[in-house]
Structure formats: C-alpha cells, structure tokens
Amino acid sequence: MSATADHADGKSGEPNIAARLGLETGWVVQELGYDDDCDEDFRDAIQELTGEQFAGEDTDEVVDAVLLWFREDDGDLVDALFDVLTDLKAGGVVWLMTPKVGREGYVDASEIAEAAPTAGLSTTSSLSPTEDWSATKLMMPKSPRVKK
C-alpha cells in the first residue's frame, strides 16, 4: 500500500477514507457548503491526509481540489459549480458531496449529469466514502487535440 493510502484515520490502523479521493499531501482543498450535517470524520481524514486546513470561501489561494457539500435545497447546482471554478487550478478536481438516496437533501444523479457539462465539467467517477454522503468527481475536460 502506498504511503498516501496507508495513513491511519485514528481508528486502529484503518486506511484513511479520504485516500480514495486521490488527494495528496500538501494539496490545498477548498471546502464549500459546509453545514452541521457534514461528515466530520471524513473532513478530518481529508485534512490529515493533505496536512492542510481547508481553504474557505474567501480564499485568495489557487486550490488543488474543491470539496463541495451540496443538498437539494442549496440553490442552483450549475451556479454552485461555476462558483467552484473561481479558485480551482487548471487540472484540479471537484468532489461534489451529495446526500445518498433516501437522505434529506438528496440530489438526483440526473441533475448532476445535466449540471456538470453546463458548468464546463465532466463527471469521471462516484464513490460512497461515508454512510450518508456520495461523492462525485468532476474535472475540467481535457482540450481536444487540434487536427492539422
């Protein structure tokens, strides 16, 4: 197991659940949409893995990744996705955290599939890193090669 994936999250040697996100030590992660329903163990695991505190909404840093907690009643998903692009570096990743099916605030996968390309992002994978939250990885699509 790699050093990144082998970090313990404080629970007797279990792998750090945040390692599944592909985050790396030293990465700056901006967190948006935080509320009291967010998974604190997961948040702690991300900060332990990166060795950094979360950058807030008003950061002046360019960030490697954005952790966006989003619920059905949080407004327009397209607008929220456009907002995350403000501080995200080229090649950065957005992890869209939404409540799982049956949980309060659930966001249908079809809404994510429609909103991402409108905001200039592509959906690459999904994970279930916590009991109550699903994670969808969004990235800027690679530029198509220009044929000569």
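What to note about this one:
- Residue within region 71-82 that is in a strand (DSSP E or B) and open to solvent by less than 30 Å² (accessible area, probe 1.4 Å) present: no
- Residue in region 102-119 that is within 20 Å of residue 46 (Cα to Cα) and open to solvent by 10 Å² or more (accessible area, probe 1.4 Å) present: no
- Search result, residues across region 84-114 that are over 16 Å from residue 141 (Cβ atoms), within 14 Å of the chain's Cα centre (by Cα) and among the β-branched types (Val, Ile, Thr): 98
- Per the listing 30, 47, the residue uniquely in contact with a helix residue (DSSP H, G or I) (Cβ under 8 Å, 6 or more places away or on another chain) and either at negative phi or touching a residue at least 12 places away in the same chain (Cβ under 8 Å) (or both) is 30.
Here's the yes/no breakdown for (1) open to solvent by less than 40 Å² (accessible area, probe 1.4 Å); (2) modelled with pLDDT of 95 or more; (3) not in a helix (DSSP H, G or I):
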site: 31; (1), (2), (3): yes, yes, yes
site: 38; (1), (2), (3): yes, yes, yes
site: 44; (1), (2), (3): no, yes, no
site: 58; (1), (2), (3): no, no, yes
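- Some residue of region 92-100 being open to solvent by 30 Å² or more (accessible area, probe 1.4 Å) and either of a type in the set (A, V, I, L, M) or more than 16 Å from residue 131 (Cα to Cα) (or both): no
- Residue in region 68-83 that is more than 15 Å from the chain's Cα centre (by Cα), under 19 Å from residue 134 (Cβ atoms) and among the aromatic types (Phe, Trp, Tyr) present: no
- Residues considered: 136, 86, 124, 130. Of these, the only one that is modelled with pLDDT under 95 and open to solvent by less than 70 Å² (accessible area, probe 1.4 Å) is 130.
The values are calculated or read from the model by the stated rules, or taken from the named source; none is laboratory data. All values reported here derive from a predicted model rather than from experimental measurement. All Cβ positions, even for glycine, are placed from backbone atoms using ideal geometry, and neighbour counts span all protein chains on display. The protein model used for the area step is the full one, side chains on, heavy atoms only, and it has no ligands, DNA or RNA in it. Shrake-Rupley method; radii C 1.70, N 1.55, O 1.52, S 1.80 Å.
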